[in-house]
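The values are calculated or read from the model by the stated rules, or taken from the named source; none is laboratory data. Everything quoted here is computed from the prediction, not taken from an experiment. All Cβ positions, glycine included, derive from the backbone under ideal geometry; neighbour counts span all protein chains shown.
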Amino acid sequence: MDAASPKPVSTALGHLHDAAAQLLASHDPTGTRRALICLEAASDLSDLGVPPAPVPGLPAKLAIQRATDLLRSEPQAEMCGIGDRLLRELARGD
Amino acid sequence: MATSIRDLLIRLNAQVRDLNKPAGVTRPAASIELDWRHLASAAHRVADLTPADAAGHATRRLQLILGSFPTDPGPARPSGSLDPLLELATALGAIADLLTLHPQVSQAIQQVAGVTLADRLQGTLGAAATWSLHAQPDSSPLALERPLRHLAGYRADPSPFPPLATAAWRLTGCNDPGLDGAVARWAVAAQETVADPRTASQLGLQLGAAGIALICRNAAAVAGRLRPEGPALADAEEAAVAWERAAMWPADLHLGGRSTYLRDASANLREAITNAAAPGGAPAEHQLEVAHSALQTAWQVGGIIAGTLHEVSYGASRVWTRADQVLRYLPSPEHVLAATGKDWLPDAAGIHSAKPLHQAATNAQQALTKATKHYLAAAGQVQPPAEARGSDQDLAWEVTTAPNASCSPDEEPLTAARRRHLSSNRRFV
């Protein structure tokens, strides 16, 4: 795991981990559900072999927005799909 | 299809009721004796497995009587529709199978369930023995007449609905609809993903822990809707908070690996919980049964997660730590060299960086054990909502007696009620 070049997807994964931790720490049912959605998206990225990169602390909503922006700006359709799905699931309220 | 001992007792009650109807049927003595081998064997299993000391002397006497029945299944029975005795044997056999589940339940639940089971078993065998003695043709006496006469002395409990405590023994399957099936599939996926410490991943463990937290949140919501003042709500919320903590991994730890299977099952679980909470759902008692059943499954998964984290923390650690953190507590020249140009470093020998995670999971499992153990007892005393009960005025018809309805002191309540009903109908003819 080289530190040389933190890739945008690694940064996105870092933001998702950060957002999930904040949502879990809120200790309310909606927060737990949203944290699970973030962890599911993080799992999608992790399965592709992406390591998490260190990220600056942001509020959960902003961290998720930053993660989806990074994913959707990636050329691979797979990454865009993960970002789209994340936003869709969060919007649905599940 | 999900089933509980409570469901089976309700079915058993209907079978006994059918058995008590005077049908005037006769069966060959050999057929009755053959069916009793199965019935006695299934009843013996239930009596042996009945929890706690609730069984008492009455059940020990029953076991002695059942011991006088032949235990071998005897010659094969011709296939076809089941005789009433075999239907009873099937239901009792299923109850015995469920009793081997060993759910996490309190002593109080075991006591209530034990008393109910012992009582229903005696009543069922009493009805079956009475039916057998009447169904036997006079020309061919039964070899088992003596034990059957002993059993015929038992009376069935007329109450059709056993206490909710008997729903603690509940079996669900992956093909069940709704939350039952989603929880069962999630549990299988969680076991596949996190049970092996050599392949378990951080996200697998996090998804598992967060899934348990969500199941606890659902149980708390059900308890809150039905019995907000009871301890079931507080206990389930406490367990949810503890598992939320266990799902939080610090940013400086990482454990790679795949968790695809659990990721999909987790999304499915999330959706099923949302749907189950939708208004106009199942009746209160069923919601409690399903929520309790999900807690039991979550408790099993929680044990697996805590066990894996123990291995990950204290065994040969696969955990990676952020390089700057390693340098903070191991500033030796070798580590400085190893960390140069790296983001992450594996745990060195003797370093247990995941120890706090194991502690959090252990604490969470303790909270979940408490919540699961007492959930049905704490949330089970459910009163129907006010609108379902209706006002006193709505219920006035229940206390009105029909004119000229006299009730003989030795008349059976059901017979008296039926006679009153017929006489009140006659007035309108």
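For the reader, a short list of remarks on this structure follows.
- Single condition B:A128 does not satisfy, out of (1) under 17 Å from B:P22 (Cα atoms); (2) hydrophobic (A, V, I, L, M, F, W, C); (3) not in a helix (DSSP H, G or I): (3)
- Some residue of region A:82-89 being within 14 Å of chain B (Cβ to nearest Cβ), buried (at least 21 other Cβ atoms within 10 Å of the Cβ) and in a helix (DSSP H, G or I): yes
- Which numbered condition A:Q65 fails, given (1) more than 30 Å from B:A221 (Cα to Cα); (2) more than 7 Å from every other protein chain (Cβ to nearest Cβ); (3) of a type in the set (S, T, N, Q): (1)
Results for (1) more than 19 Å from the chain's Cα centre (by Cα); (2) under 19 Å from B:A190 (Cβ atoms); (3) not in a loop (DSSP other than H, G, I, E, B), shown as yes or no for each residue.
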position: B:A242; (1), (2), (3): yes, yes, yes
position: B:P250; (1), (2), (3): yes, no, no
position: B:D264; (1), (2), (3): yes, yes, yes
position: B:R270; (1), (2), (3): yes, yes, yes
position: B:G280; (1), (2), (3): yes, no, no
position: B:V290; (1), (2), (3): no, yes, yes
position: B:A294; (1), (2), (3): no, yes, yes
position: B:V301; (1), (2), (3): no, yes, yes
position: B:E311; (1), (2), (3): yes, yes, yes
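- Residues that are modelled with pLDDT under 85 and surrounded by 15 or more Cβ atoms within 10 Å (Cβ to Cβ) within region B:145-172 comprise B:A156, B:D157, listed in sequence order.
- Single residue of region A:15-30 satisfying the filter (modelled with pLDDT under 95 and part of a helix (DSSP H, G or I)) that is nearest to the chain's Cα centre (by Cα): A:T30
- Lone unmet requirement of (1) more than 9 Å from chain B (Cβ to nearest Cβ); (2) surrounded by 15 or more Cβ atoms within 10 Å (Cβ to Cβ); (3) modelled with pLDDT under 90; (4) part of a loop (DSSP other than H, G, I, E, B) for A:L58: (3)
- Restricted to region B:149-204, and to residues there that are part of a helix (DSSP H, G or I) and free of Cβ contacts under 8 Å to residues at least 60 places away in the same chain, the residue that is farthest from the other protein chains (Cβ to nearest Cβ) is B:R149.
- Inclusion of B:A294 among residues that are at the interface with another protein chain (Cβ under 9 Å from one of its Cβ atoms) and either within 30 Å of A:L87 (Cα to Cα) or out of contact with any Ser or Thr (no Cβ under 9 Å at 6 or more places or on another chain) (or both) is not warranted.
- Checking each residue in region B:224-272 for being without any contact (Cβ under 8 Å) to a residue 60 or more places away in the chain, at the interface with chain A (Cβ under 8 Å from one of its Cβ atoms) and acidic (D, E) picks out only B:E244.
- Of the residues making up region B:116-135, just one is crowded, with 21+ Cβ neighbours inside 10 Å and modelled with pLDDT under 90, namely B:A135.
- Within region A:13-32, residues that are more than 9 Å from every other protein chain (Cβ to nearest Cβ) and buried (at least 19 other Cβ atoms within 10 Å of the Cβ) have Cβ atoms under 6 Å from residues that are at pLDDT below 95 and not in a helix (DSSP H, G or I) in these pairs: A:L13/A:V50; A:L13/A:P52; A:H15/A:V55, counting only partners at least 6 apart in sequence or on another chain.
- So A:L39, is it touching a Ser or Thr at 6+ places or on another chain (Cβ under 8 Å) and under 25 Å from B:A221 (Cα atoms): yes
- Test result for A:L71, buried (at least 17 other Cβ atoms within 10 Å of the Cβ), in contact with a Cys (Cβ under 8 Å, 6 or more places away or on another chain), assigned to a helix (DSSP H, G or I) and at pLDDT 90 or above: yes
- The lone exception for A:S46 - which of (1) assigned to a helix (DSSP H, G or I); (2) facing another protein chain (nearest Cβ under 9 Å); (3) of a type outside the set (V, I, T); (4) farther than 20 Å from B:D252 by Cα it fails: (4)
The rows are residues; the columns are (1) more than 14 Å from chain A (Cβ to nearest Cβ); (2) under 35 Å from the mean Cα position of the chain (by Cα); (3) part of a helix (DSSP H, G or I); (4) modelled with pLDDT under 60.
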| site | (1), (2), (3), (4) |
| --- | --- |
| B:P331 | yes, no, no, yes |
| B:L337 | yes, no, yes, yes |
| B:L357 | no, yes, yes, no |
| B:A371 | yes, yes, yes, no |
| B:A377 | yes, yes, yes, no |
| B:Q381 | yes, yes, no, no |
